[in-house]
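The values are calculated or read from the model by the stated rules, or taken from the named source; none is laboratory data. Note that the coordinates shown come from a computational prediction; the quantities given were computed from them, not determined experimentally. Glycine gets a Cβ as well: all are built from the backbone with ideal geometry, and neighbour counts include every protein chain shown. Keep in mind that these areas ignore ligands, DNA and RNA; they rest on the heavy atoms of the full protein, side chains included. Shrake-Rupley method; radii C 1.70, N 1.55, O 1.52, S 1.80 Å.
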Number of protein chains: 2
Amino acid sequence: MSKPKMFEKPVGLKDYLPAAAKKLRQIERQTLDCMGRWGYEQIVTPSMEYYDTVGVASSTSDQKLFKLLNNRGTTLVLRSDMTSPIARVAASLLRDAPLPLRLSYHANVFRSIEEEAGREAEFFQTGVELIGDASADADAEVVALAIASLKAAGIERFKIAVGHVGFLNGLFEETLQGQAEAQEELKACLLGRDYVGYRERLAALGLSGGVSEELEGILRLRGGQEICDQAMQLSRNETAQASIRHLCEMWDVLKAYGVCDHVLIDLTMIGDFSYYTGMTFEGYAADLGFPVVSGGRYDNLLGQFGRPAPATGFALKTTRLLELVGLEPDGDDSAVLIGYDEAGRREALIEAGRLRDSGNTVVTERIDDGLTHSSLLAAAKPVVYKGKRYAEFLSYTGTLQEHTKGGDAT
Amino acid sequence: MSKPKMFEKPVGLKDYLPAAAKKLRQIERQTLDCMGRWGYEQIVTPSMEYYDTVGVASSTSDQKLFKLLNNRGTTLVLRSDMTSPIARVAASLLRDAPLPLRLSYHANVFRSIEEEAGREAEFFQTGVELIGDASADADAEVVALAIASLKAAGIERFKIAVGHVGFLNGLFEETLQGQAEAQEELKACLLGRDYVGYRERLAALGLSGGVSEELEGILRLRGGQEICDQAMQLSRNETAQASIRHLCEMWDVLKAYGVCDHVLIDLTMIGDFSYYTGMTFEGYAADLGFPVVSGGRYDNLLGQFGRPAPATGFALKTTRLLELVGLEPDGDDSAVLIGYDEAGRREALIEAGRLRDSGNTVVTERIDDGLTHSSLLAAAKPVVYKGKRYAEFLSYTGTLQEHTKGGDAT
């Protein structure tokens, strides 16, 4: 193991320079403000949790958890999502708060193994949890809020694919009863969106023509409201049918929100978290291969923390949104530069304070050299000083007495 | 070791419920916006760094660092401050950016041992670094910005004590040459503000009358500009005198900023970070025993990362500011509650969207029971529903057709 160089940071971790940090914080603010207008209140939880509690309850596989020991020898984990910590809080500090709870968050989360694949080991998520409401209205609310949040972040072209864990479970129960391994293999293909593999697995199973057709049929179950009717015909299984009825009702609510243009029913969608129990969804932006939001219903998680309650929510992949919206041109062209020498200092700093009080960005620099003052005063706007651009240059020197503006008169 | 209960979080770590989280984020926004108006641009760095680089460069003692291993077996640390990570970035990604750099941050930092003393193992800091300017003007700028930031956070009554590492070093060099142990002991007393202990140590050293008097004299060196003159008399040592001249010039600049009411020269102040090389300062709020801000000059740190440059900065203890300003009353009284049944849903959700678009906070709830609608409509404002208060209740039901406002007409 070679010693890391002084300037290196660990693999899979990222620095955000000013232009990126500004945009990241902007997306954070826009999405949280949007969630606030929907009545979701922010909470903040620690970066570390007990491995035995939140670590185990999270649906992140053990090898992806960053583990560390505290001074007492107890194993802690860096949180891998915010859903489990919020479930812990809802069941402890907020135990007496009446349901429903509408909570939002912005947080960094950690995945240990990701760095191996060149993916990020730490990234930001902004999301909500709606705890204590089992209705299709609640599920539709979080999907509609995910859509509003993406729009608030400046994303316009995206689709939300909505599925239901219960539909596939019911269908498989009906058609592949007792064949747990086959069920898992087929689900793994769907999770990886490997439809070719799914068809191959199906063929290899040597099922009867009707059943095989039924299981292949779900690959075509992607679309609008018409999919609900088709799906009702596909399976007689009660769990599958109840799931479809729930999705159809959600669709009605989403229609009322006026957001169906962004929504697609996709019954092959099963969601990547093991704690999902009902509706799940993922959002894809145009020209981007990975989801920018994922969410779903998890009705059994709160019970693990001692306060059984239905719950639904989502997390925006904030770091990915940053890649989508792109950065604004570097530097802040509206900033004012005030240069001063010792004799002009007092007036310069008072003026800087005045400008800042009225909301301007002002950089002050001690510049003892009169020639520099003159050349900055004569320069065209934007004025460039030490590699940074400024909208204006104000000069305060003892000899000039009066302050003078630099750049072209406009 | 007993297994943690499901609802527990690790010792020394904190949840911020909505009222606290709201205030915390408010302080963060106010202070960062203030720093932005002074031309400081935010950067974001990862929570983890290499132990061998930033871990070692940080002035946090080894036993206070949270350590963990990544998949490659390399030791990482959770960052214990932001000064060293920013020094790493200034020397790597920002290597070609001209100096001075003005950078700001808001970040959680970690201290492993603190939990033992009932202190927090993770807390928030908001701060700035001004890299590439060795002048007294630069040091005064960060002190004046610390004052402006505290005011922006709503803190009015506080004092900033400013000292200089070089003064004590020079004085000790002059009076206790070669007595490294005695120097360290006396410094430890000053760091802990244990003036009784300092006098006892002095007496035990059995120094000559003049030297003993000189070293005791520094305990009285607290006050305004007059302290500079007194200190110049106290020591003939060149390092000590240069330090005092720097502080006096800083005082002139702080006078120009008009902030001297908040500042106190305190030559017993040595700062708690080993990387400080010059001016150091701490801010104390009225009625609070611990500093709410600390900062200083660290001219040797950047060199450790391969880009030698003078630097100065500070960190606000954001979590402590939260304790100072207190929380606002729970709940958001300006929110609107919209209740709807299936027949009223479409209109209800459209109206909710309209109100949110114009900046209102709106919670929607499916309420199928007509009696609840009637009683909420008849209720006095603020309307209470499921434990939450709302400024207004709007009812959308199939039977009522028209929407109706709840609460007293005002």
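Against the definition (within 30 Å of B:H262 (Cβ to Cβ), of a type in the set (A, V, I, L, M, F, W, C) and assigned to a strand (DSSP E or B)), how does B:V162 come out, yes or no?
Here the answer is yes, as B:V162 does meet what is asked.
Only one of (1) crowded, with 20+ Cβ neighbours inside 10 Å; (2) without any contact (Cβ under 8 Å) to a residue 40 or more places away in the chain is not met by A:L394, so which one is it?
Exception for A:L394: condition (2).
I'm told B:E323 meets every condition in (1) open to solvent by 20 Å² or more (accessible area, probe 1.4 Å); (2) charged (D, E, K, R); (3) assigned to a helix (DSSP H, G or I); (4) touching a residue at least 40 places away in the same chain (Cβ under 8 Å) except one. Can you identify the failing condition by its number?
Exception for B:E323: condition (4).
Residues being more than 8 Å from chain A (Cβ to nearest Cβ) and more than 30 Å from A:R389 (Cβ to Cβ): count how many of those fall in the range B:29-53.
Of the residues in that region, 1 qualify.
Considering only residues that are without any contact (Cβ under 8 Å) to a residue 40 or more places away in the chain and either of a type in the set (S, T, Y) or not in a strand (DSSP E or B) (or both), which ones fall in the range B:377-391?
Selection gives B:L377, B:A378, B:A379, B:A380, B:K381, B:K386, B:G387.
Test of understanding: among B:E41, B:E49, which residue is open to solvent by less than 10 Å² (accessible area, probe 1.4 Å) and charged (D, E, K, R)?
B:E49
Consider the range B:332-356. How many of its residues are among the charged types (D, E, K, R), surrounded by fewer than 22 Cβ atoms within 10 Å (Cβ to Cβ) and touching a residue at least 24 places away in the same chain (Cβ under 8 Å)?
Of the residues in the range B:332-356, 6 are among the charged types (D, E, K, R), surrounded by fewer than 22 Cβ atoms within 10 Å (Cβ to Cβ) and touching a residue at least 24 places away in the same chain (Cβ under 8 Å).
Can you give me the number of residues within the range A:72-88 that are farther than 28 Å from A:E41 by Cα, within 7 Å of another protein chain (Cβ to nearest Cβ) and surrounded by 16 or more Cβ atoms within 10 Å (Cβ to Cβ)?
Qualifying residue count for the region: 1.
Out of the residues in the range A:377-388 meeting the condition of being at the interface with chain B (Cβ under 8 Å from one of its Cβ atoms) and loosely packed, with under 15 Cβ neighbours inside 10 Å, tell me which one is nearest to B:A256 (Cα to Cα).
It comes out as A:K386.
On the given criteria, is B:S294 outside any helix (DSSP H, G or I), polar (S, T, N, Q), in the same structural domain as B:E49 (by TED's automatic domain parsing) and out of contact with any Phe, Trp or Tyr (no Cβ under 9 Å at 6 or more places or on another chain)?
Against the criterion (outside any helix (DSSP H, G or I), polar (S, T, N, Q), in the same structural domain as B:E49 (by TED's automatic domain parsing) and out of contact with any Phe, Trp or Tyr (no Cβ under 9 Å at 6 or more places or on another chain)), B:S294 does not qualify.
What is the residue count in the range A:158-195 for residues that are more than 22 Å from A:I227 (Cβ to Cβ) and under 27 Å from the mean Cα position of the chain (by Cα)?
Residues flagged as more than 22 Å from A:I227 (Cβ to Cβ) and under 27 Å from the mean Cα position of the chain (by Cα) within the range A:158-195 amount to 1.
Within the range A:359-372, how many residues turn out to be within 11 Å of A:I338 (Cβ to Cβ) and more than 9 Å from chain B (Cβ to nearest Cβ)?
1
Output the residues belonging to the range A:357-376 that are in a helix (DSSP H, G or I) and surrounded by fewer than 19 Cβ atoms within 10 Å (Cβ to Cβ). Spell out how you get there, then give the answer.
Step one: filter the range A:357-376 for residues in a helix (DSSP H, G or I), giving A:357, A:370-376.
A:D357, A:G370, A:L371, A:T372, A:S374, A:S375, listed by residue number.
Within the range B:1-28, count every residue that is more than 7 Å from every other protein chain (Cβ to nearest Cβ), over 26 Å from A:T74 (Cβ atoms) and among the basic types (K, R).
1
Kindly evaluate A:F158 against the criterion of being within 10 Å of another protein chain (Cβ to nearest Cβ) and of a type in the set (F, W, Y).
On the way: within 10 Å of another protein chain (Cβ to nearest Cβ): no; of a type in the set (F, W, Y): yes.
So A:F158 fails the test.
Can you find, within the range A:89-135, the residue that is farthest from the other protein chains (Cβ to nearest Cβ) among those that are crowded, with 23+ Cβ neighbours inside 10 Å and in a helix (DSSP H, G or I)?
The selected residue is A:A90.
Given the structure, is A:K67 at the interface with chain B (Cβ under 9 Å from one of its Cβ atoms), surrounded by fewer than 24 Cβ atoms within 10 Å (Cβ to Cβ) and more than 25 Å from B:E365 (Cα to Cα)?
Considered against the rule, which asks whether it is at the interface with chain B (Cβ under 9 Å from one of its Cβ atoms), surrounded by fewer than 24 Cβ atoms within 10 Å (Cβ to Cβ) and more than 25 Å from B:E365 (Cα to Cα), A:K67 comes out as yes.
I need every pair where a residue in the range A:15-28 that is in contact (Cβ under 8 Å) with a residue 24 or more places away in the chain has its Cβ under 6 Å from the Cβ of a residue that is outside any helix (DSSP H, G or I) and of a type in the set (D, E), sequence separation at least 6 or different chains.
Hits for this filter: A:P18/B:E41; A:A19/A:D330.
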